[in-house]
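Chemist: Handing you this structure, nothing more for now.
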Amino acid sequence: MTNRRVVVECDGVRAEMELLDDNAPKAAAAVWDMLPITDDAFAAKWSGDAAVIHPGPGAVQDVTELENPVTSIYPGAVVMRPRGSEILFGHGVGEYRWGVGVDYVVRIGKFVTNVTEMLAVLRKTETEGPRRLTMSRPA
Amino acid sequence: MRQIEIQVGDVVATATLRTDAAPELTARLWDALPIEVPLVHAIRSGNCAEATCAELVDPDQKVESQVSFFYPGMVAYRPATGELTFAYGQGQARSETGTHWVSYVGQVDGSGDDIFTAWEATRSVGVSTVAIRRKEGA
């Protein structure tokens, strides 16, 4: 089965993210159900080179398990916390951390088009403040 | 007692240097003042803002009064990189490779609410500027 695509738009840049249905079927399905998701993407303050959004209430809150958990957040990777409290978009060296240390997330996607441009926009959150980001189904 | 003023935008706070606990590093900082450098929000160390000053770099300097955790109002100095950290909430000195030690060199006097807001705002507005100078009469 071909993984579904999600359109991510941020600061005038449009990229497609492959939704990792095979790696995290429950989390991916929940994210798909909630689309479109729009939020301000802030620079992470614990996890390094990653931009963070908070999807808000919806299907992701019912996803409690860690499907193939990881801690590292590589450039272009999109990860989510169980219960969907936050989604992070990696643009450099990242590892999921918070106040008490390292923790696990689920890989829900990876950018597959316009990657360089999208990562550059996400990186700007570190020095220029938050950027409005939208995740949506392709038209 | 040595005191410094830390300014971000129109907000000025006073901090007392911990000269007894960190005599060499507080002296190094004092001697470098005044400085004015970019201030950014931390991306690994939590609720704090960070600035780097080339004059403060000294890879051979021992970390005095070493800490890793940050609490509100702490001013920390990492001599290996010349980095100053200004904590407005809970944090920890972390880099790509993990946790490290920094020197606890100063503490904001009073409640610090206004300067904490200014430090936290770097996450919302991006790069700001921090000016640090000796407090007159100190």
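Chemist: Could you sort the peptides B:101-110, B:82-91, A:10-19 by per-residue average Cβ neighbour count (10 Å cutoff), highest mean leading?
Modeler: Ranking the peptides B:101-110, B:82-91, A:10-19 by packing returns B:82-91, B:101-110, A:10-19.
Chemist: Let me ask something else about it. How much of the accessible area of segment A:1-126, probe 1.4 Å, is carbon plus sulfur, in whole percent?
Modeler: Percent of accessible area from carbon and sulfur atoms in segment A:1-126: 50.
Chemist: Is any residue of segment A:12-45 close enough, with backbone N under 15 Å, to a label point placed 7 angstrom from the Cα of A:TRP98 along the Cα-Cβ axis, and if so, which?
Modeler: Under 15 Å, as judged by backbone N against the label point of A:TRP98, lie A:44-45 of segment A:12-45.
Chemist: Per-residue HN-Hα couplings for segment B:39-49, Karplus 6.51 cos²θ - 1.76 cosθ + 1.60 at θ = phi - 60°, whole Hz, x for Gly and Pro?
Modeler: Karplus values, whole Hz, x for Gly and Pro: 10, 10, 6, 5, 10, 9, 9, x, 7, 7, 10.
Chemist: Counting only Cα, what are the radius of gyration and maximum Cα-Cα distance Dmax of the protein assembly as shown, in Å?
Modeler: 20.7, 73
Chemist: Further question: Per residue, how large is the accessible surface of the protein assembly as shown? Use a 1.4 angstrom probe and give square angstrom.
Modeler: 44 Å²
Chemist: Right, another one. Could you name the lysines in cross-link range of A:LYS26, using Cα to Cα under 29 Å and dropping any fewer than eight places away on the same chain?
Modeler: Those lysines meeting the cut-off are A:LYS45, A:LYS110.
Chemist: Please compute the average number of Cβ atoms from other chains found within 10 Å of each residue's Cβ in peptide B:89-98. Before the final figure, lay out the partial values.
Modeler: On the way: counts 2, 2, 3, 5, 0, 7, 2, 6, 2, 4.
What the average comes to for B:89-98 is 3.
Chemist: Moving on to the next point. Treating only the Cβ atoms of Lys and Arg (+1) and Asp and Glu (-1) as charged, compute the dipole magnitude of chain A about its Cα centre; round to the nearest 20 debye.
Modeler: 80 debye
Chemist: Enumerate the whole-percent occupancy of each 10 Å bin, from 0 to the last occupied one, for all C-alpha pair distances of chain A.
Modeler: Percent of pairs per bin, in order: 14, 49, 34, 3, 0.
Chemist: Could you list which residues have their amide H under 5 Å from that of B:ALA80, counting only those 5 or more apart in sequence or on another chain, with H placed in the peptide plane?
Modeler: Residues meeting the amide H criterion: B:ASP58.
Chemist: Shielding by partners for A:91-98, please: the mean number of other protein chain Cβ atoms within 10 Å of each residue's Cβ.
Modeler: Averaged over the peptide's residues, the number is 3.
Chemist: Using a 1.4 Å probe and ignoring any ligands, DNA or RNA, find the accessible area of A:ARG83 and quote it in Å² to the nearest 10.
Modeler: Solvent-accessible area, nearest 10 Å²: 140 Å².
Chemist: Now for a separate question. What residues qualify as long-range amide H neighbours of B:GLY98, i.e. H under 5 Å apart, gap of 5 or more or another chain, H built at 1.01 Å from N?
Modeler: Result for B:GLY98 returns nothing.
Chemist: Also, quick follow-up: Work out Dmax and Rg for segment A:23-101 from the C-alpha atoms and quote the Rg first, both in angstrom.
Modeler: Radius of gyration, then largest Cα-Cα span, for segment A:23-101: 11.9, 32 Å.
Chemist: Averaging over all projection directions, find the projected area of the Cα convex hull of chain B and quote it in nm² with one decimal place.
Modeler: Taking a quarter of the hull surface, the average projection is 7.4 nm².
The values are calculated or read from the model by the stated rules, or taken from the named source; none is laboratory data. Given the structure is predicted, the values throughout are model-derived calculations rather than measurements. Don't worry about glycine lacking a Cβ; one is built from the backbone with ideal geometry, like all the others, and counts go over all protein chains shown. Side chains are part of the model used for accessible areas, which takes the heavy atoms of the whole protein and leaves out ligands, DNA and RNA. Shrake-Rupley method; radii C 1.70, N 1.55, O 1.52, S 1.80 Å.
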